[in-house]
Amino acid sequence: MAFSHDVQFWKLARLPRKKGRKRIYGVRWVVAGKSFSKWFEYEAQADSYRSRLIRAARRGEGFDTGTGLPESMTREQQAVTWFDLACRFVDLKWPHVAAKSRTSIADALATVTPVMVTTARGRPEPDTLRAVLYGWAFHKTNREHVRLSEPDAAVLAWVREHSLKVTVLDEKERRSSLIRRALDAIALTMDGKPAAATTIARKRAVFYGVVSYAVELDILPANPIDKVTWKAPEVAEEIDRRVVARPRQVRDLLAAVGDISPDLTAFFGCLYYACMRPGEAVSLREADCVSLPGTGWGLLLLIGSAPRVGSQWTDSGSTHDERHLKHRARKATRPVPIPPELVRLLRRHLDRFGAGPGGRLFRGVRGGGLLSESSYGRIWQLACKMALTPAQVDSPLALRPYDLRHSGVTLQLNAGVPAPEVARRAGHGVAVLLRVYAGCIDGHEQRWNSRIDNALQDETDG
């Protein structure tokens, strides 16, 4: 590492605005004849950064000829460990993400951090190490308010002491092995088996995000993960068509639910006939039932969702994270036309059971709280055993309540409803809808075969 006092600064640069280009204000300077630059979204940010560099030069600091940074900033970079950076990333994201995303971030970091260390000597037991990382270090609220026991504090001390410096991720001699080590850890489950492709993709995205944050903080010049060739398993996004239930099978299943727990028949009906997510059905209120006529189609106006996460990850301390609709802006709504069958189920439910606290249609067993996943999941398993054949029970058919939503979306697509309309009703993006349900669209082969026959006939006649 060489330092030089031969430094020159240019005026702030400004790039023309262009679609997809956010950072248009640039700080440019020269160290020992070598040019450096850093770009920002706002002019004030760029001006502040340039002023910081100029102040360092006036103090007589040398500038690193490799990174272009003054000695003080270089020392700051070298002092940041992976563990410190990961905690700062958690703190950055925590206030702005859903509880489910908090668990995903903690899960990914608890997977990567144990291998981002300088030595394996004295490493704590894997289960203990993960518990401390997942449940305390990468849980902002617990880290700020919960005191660790002495054994857990010793585990954390080991991590802090042996955590790698972030800057080593960009050292040419070590970059590939360190990043591959982290990516290989992501590709395995806790018991050493290959992880699901979706899990790998999710954890890699968090890992990439943390390293990108290091770039934002000027700890790294660029994301070194981009320089490592590592192919993750392909993510199988298409729905397995074996899970899709036909209308008659769904009716049989709903009838079985009615025999076991009639207060949940309409709940499962919402998943199928309105293509609702379970969290959206849990959050459904009487006021959301805009129209439930005596005959014909009705209308629901969905305004929120309450997926189950765990009380320790939500701000409210509830086991459900009550929030806005998935993939929608806050306060956005989604109108969903519902067929007469679901209208009848909802009218019958309201007539027999009424609405619970807060106007919710479906409530938990104890105290009228939010309906829990374990409660409706248990009823669904019993209904499947009653309504399906033994062979179907052993198959993926309607294995989870969520598969009712898949079945409902598939039904609409195969009925010829245009994809944009199905996507609007289900709360999907059109591209995602077609990608996920492409393998479930059938029933039109004869039509396409006839068109091909006609085309071939025309070619023959010509």
With +1 on the Cβ of every Lys and Arg and -1 on the Cβ of every Asp and Glu, and nothing else charged, how large is the dipole of the stretch 241-440 about its Cα centre, in debye rounded to the nearest 20?
300 debye
Net charge contributed by nearby residues that have their C-beta within less than 15 Å of Pro70 (K/R +1, D/E -1)
+2
For the stretch 241-440, average projected area of the Cα convex hull in nm²:
11.4 nm²
Angle, helix 402-414 long axis vs. longest principal axis of the chain, Cα atoms, 0 to 90°, nearest 10?
70 degrees
Among the listed pairs Lys22/Lys100; Lys100/Lys231; Lys203/Lys231; Lys100/Lys203; Lys34/Lys227, which have their C-alpha atoms separated by more than 18 angstrom in this model?
Lys22/Lys100; Lys100/Lys231; Lys34/Lys227
Just want the ordering: Asp6, Asp84, from fewest to most Cβ atoms lying within 10 Å of their own Cβ.
Asp6, Asp84
Mean Cβ-within-10 Å packing, highest first, puts peptides 56-65, 168-177 in the order 56-65, 168-177
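Hey, with R₀ at 30 Å, roughly what FRET efficiency would Asp218 and Tyr402 work out to, going by the Cβ-Cβ distance, to 0.05?
Efficiency computed from Cβ-Cβ geometry: 0.10.
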Taking the stretch 56-147 as the region of interest, what is the percent of Cα-Cα pairs per 5 angstrom bin, listed from the shortest bin to the one with the maximum distance?
2, 12, 19, 17, 14, 11, 10, 9, 5, 1, 0
Dipole of the chain (Lys/Arg Cβ +1, Asp/Glu Cβ -1, origin at the Cα centre): which of Val132, Ala455, Thr198 lies farthest to the positive side?
Val132
If contacts are Cα pairs under 8 angstrom and at least 6 residues apart, what is the relative contact order of the chain in percent?
12 percent
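Over the stretch 3-78, what is the relative contact order in whole percent, taking alpha-carbon pairs under 8 Å and six or more residues apart?
Across the stretch 3-78, relative contact order equals 30 percent.
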Arrange Glu238, Glu373 by Cβ neighbour counts within 10 Å, fewest through most, would you?
Glu238, Glu373
Computed over the Cα atoms, what is the radius of gyration of the stretch 80-227 divided by 2.2 N^0.38 Å, N being its residue count?
0.99
Virtual spin-label span in nm between Arg147 and Val436, 7 Å along Cα→Cβ:
4.6 nm
Contour minus end-to-end for Thr198 and Thr295, with contour as 0.36 nm per residue of separation and end-to-end as the Cα-Cα distance?
30.6 nm
Enter the mean projected area of the convex hull around the alpha-carbon atoms of the chain, in nm², rounded to one decimal.
32.6 nm²
Would you work out the charge dipole size for the chain about its Cα centre, treating the Cβ of every Lys and Arg as +1 and the Cβ of every Asp and Glu as -1, and quote it to the nearest 20 debye?
1200 debye
By how many degrees, 0 to 90 and rounded to 10, does the Cα axis of helix 150-162 deviate from the longest principal axis of the chain?
60 degrees
Among Cys87, Leu292, Ser4, whose Cα sits farthest toward the positive end of the charge dipole of the chain (+1 at Cβ of Lys/Arg, -1 at Cβ of Asp/Glu, about the Cα centre)?
Ser4
I'd like the distance between the alpha-carbon centres of the stretch 372-397 and the stretch 41-109, rounded to an integer number of Å.
51 Å
Working only with C-alpha atoms, what are the Rg and Dmax values of the stretch 3-78, expressed in angstrom?
12.9, 41
So, with +1 on the Cβ of K and R and -1 on the Cβ of D and E, and no other charges, what is the size of the charge dipole of the stretch 1-157 about its Cα centre, to the nearest 20 debye?
1060 debye
So, by mean Cβ neighbours within 10 angstrom, what's the order for 392-398, 20-26 with the highest one leading?
392-398, 20-26
Between Ser48 and Gln78, what FRET efficiency comes out of the Förster formula 1/(1 + (r/R0)^6) with R0 = 22 Å and r the beta carbon distance, rounded to 0.05?
0.45
Would you list Lys193, Lys38, Lys385 from fewest to most Cβ contacts within 10 Å?
Lys193, Lys385, Lys38
For the peptides 41-50, 217-226, what is the packing order when you average, over each peptide's residues, the other Cβ atoms within 10 Å and list the highest mean first?
217-226, 41-50
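Read-outs: derived from the displayed coordinates by stated rules, not from any lab. Source: prediction; values computed, not measured. As a convention, Cβ positions derive from the backbone with ideal geometry for all residues, glycine included, and neighbour counts pool all protein chains shown.
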